[in-house]
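Reviewing the structure listed below.
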Amino acid sequence: MLSQQELKQQAADAALQFVDEVAAPDVVIGVGTGSTADLFIDGLAAYQGRIRGAVASSERSAARLASHGIEVFDLNDVAWMPIYVDGADEIDDHLHMIKGGGGALTREKIVASVAEKFICIADESKLVEHMGTFPLPIEVIPMAREAVARIVRLLGGTPNLRAGFTTDNGNMILDVKGMRITEPQGLEKVLNDIPGIVTNGLFALRGADVALLATQSGVRRLDKPRHA
Ligand SMILES: O=C[C@H](O)[C@H](O)[C@H](O)COP(=O)(O)O
């Protein structure tokens with residue numbers, strides 16, 4: 001029986017095949033944040049010299065990339081990336097996701113938006129029928145914390161401030177329990193419209209294109225359904 005850590009390693013290793021496909025001296029790839037993304041970054045060390053470098057979705061990932069000798073680029077200097085590789089807290093079979101367990105959701109959404117293909121790497125425990133068991137992270141501007149929390153309560157959620165945590169952007173995270181996520185794309189838009197919310201952790205308007213989900217019997221690949 002493989003441990004969760006071994007499963008994450010398998011998913012991370014599987015994503016390296018996508019790096020093989022796009023590797024070229026002028027290619028920059030997008031890199032996510034979290035324990036699974038960390039394993040992918042470690043694997044990327046072998047690509048030093050075969051790719052130009054990477055854009056990181058957090059200070060943490062940037063430091064890890066740099067520690068492996070991978071050049072880290074400012075997104076402002078990169079117009080396009082063939083792939084963005086990142087983990088998820090939950091993913092459904094439409095490849096919609098909840099992300100932000102590590103608090104990096106805003107930069108993740110931004111970096112992913114510049115990539116052609118979003119490749120989600122995770123162990124199979126992240127695959128769910130309906131999202132929402134994992135509390136939905138929402139990054140808020142500090143002065144809007146209570147104003148946003150009141151609206152979120154009206155929407156049926158129970159927000160909890162992530163204590164002692166500040167995002168790389170200097171903001172706060174509300175972790176929201178109890179949201180009914182029946183229409184992830186609609187809810188993502190509704191939350192985007194609330195003043196003070198920088199980003200919400202639903203990645204449904206732009207979900208993943210490919211999911212590599214490690215199971216006890218190998219890595220299962222899911223592709224985004226055409227209508228999602
Ligand atoms: O902010 C963190 C990210 O959205 C991560 O991708 C997510 O939390 C999954 O992390 P992990 O691979 O550690 O489960």
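No value in this document is a laboratory result; all are computed from the given coordinates. The model shown is predicted, which means the values in this text are computed figures rather than measured ones. All Cβ positions, even for glycine, are placed from backbone atoms using ideal geometry, and neighbour counts span all protein chains on display.
Determine the gain in length on full extension of the stretch His130-Asp93; use 0.36 nm per residue of separation and subtract their C-alpha separation, reporting nm with one decimal. Don't jump to the answer; show the numbers that get you there.
Values: separation 37, 0.36 × 37 = 13.32 nm, distance 0.91 nm.
Result for the pair: 12.4 nm of gain on full extension.
Which of Asp92, Asp168 comes first, and how do the rest follow, when ranked by fewest Cβ neighbours within 10 Å?
Asp168, Asp92
Determine, from the Cβ-Cβ distance of Asn192 and Asp20 and an R0 of 41 Å, the FRET efficiency 1/(1 + (r/R0)^6), rounded to the nearest 0.05.
On the way: r = 35 Å, r/R0 = 0.87.
The calculated FRET efficiency here is 0.70.
Between Asp77 and Gln4, what is 0.36 nm times their sequence separation minus the Cα-Cα distance? Round to one decimal in nm.
Roughly 22.6 nm would be gained on extension.
Just need the Rg to Rh number for the range 136-201, please, alpha carbons only, Kirkwood Rh.
Radius of gyration over Kirkwood radius for the range 136-201 works out to 0.93.
Give me Met143, Met97 sorted ascending by neighbouring Cβ count inside 10 Å, so fewest comes first. Intermediate values should be presented prior to the final figure.
Working: Met143 9, Met97 30.
Result, fewest neighbours first: Met143, Met97.
Mind ranking 217-226, 122-131, 108-117 by how tightly packed they are, going by the mean number of other C-beta atoms within 10 angstrom, highest first? It would help to have the intermediate numbers written out before the result.
Values: 217-226: 12.5, 122-131: 17.6, 108-117: 20.0.
In descending order of packing, they fall as 108-117, 122-131, 217-226.
Using only the alpha carbons of the range 41-88, determine the length spanned along each of the three principal axes and report them from longest to shortest in whole angstroms.
Projected onto its principal axes, the Cα set of the range 41-88 covers 26, 24, 17 Å.
How many Å³ per residue does the convex hull of the Cα positions in the range 1-97 occupy?
On the way: hull volume 10.9 nm³, N = 97.
Taking the convex hull of the Cα positions in the range 1-97, it is 112 Å³ per residue.
In nm, what is the difference between 0.36 nm times the number of residues separating Thr215 and Ala163 and their Cα-Cα distance?
Length gained, Thr215 through Ala163: 15.4 nm.
Under 13 Å Cα-Cα from Lys117, which aspartates and glutamates qualify once same-chain neighbours fewer than 8 residues away are excluded?
Glu21, Asp86, Asp209, Asp223
Using only the alpha-carbon atoms, how far is helix 4-22 inclined from the longest principal axis of the chain? Give it as 0 to 90 degrees, nearest 10.
60
Report the charge-dipole magnitude of the chain in Debye, nearest 20, computed about the Cα centre from +1 at each Lys and Arg Cβ and -1 at each Asp and Glu Cβ. Provide the component values of the computation, followed by the final result.
Numbers: 22 positive and 30 negative charges, 110 e Å.
With only Lys, Arg, Asp and Glu charged at Cβ, the dipole is about 520 debye.
Taking only Cα atoms, what is the 0 to 90° angle, nearest 10, from helix 145-154's long axis to the longest principal axis of the chain?
70
Counting other beta carbons within 10 Å of each Cβ, put Leu161, Leu39, Leu174 in order, fewest first.
By the 10 Å Cβ count, ascending, the order reads Leu161, Leu39, Leu174.
Ordered by residue, what ³J(HN,Hα) values in Hz, to whole numbers, does the range 124-129 give under the Karplus form 6.51 cos²θ - 1.76 cosθ + 1.60, where θ = phi - 60° and Gly and Pro are x?
Couplings: 5, 5, 7, 7, 10, 6 Hz.
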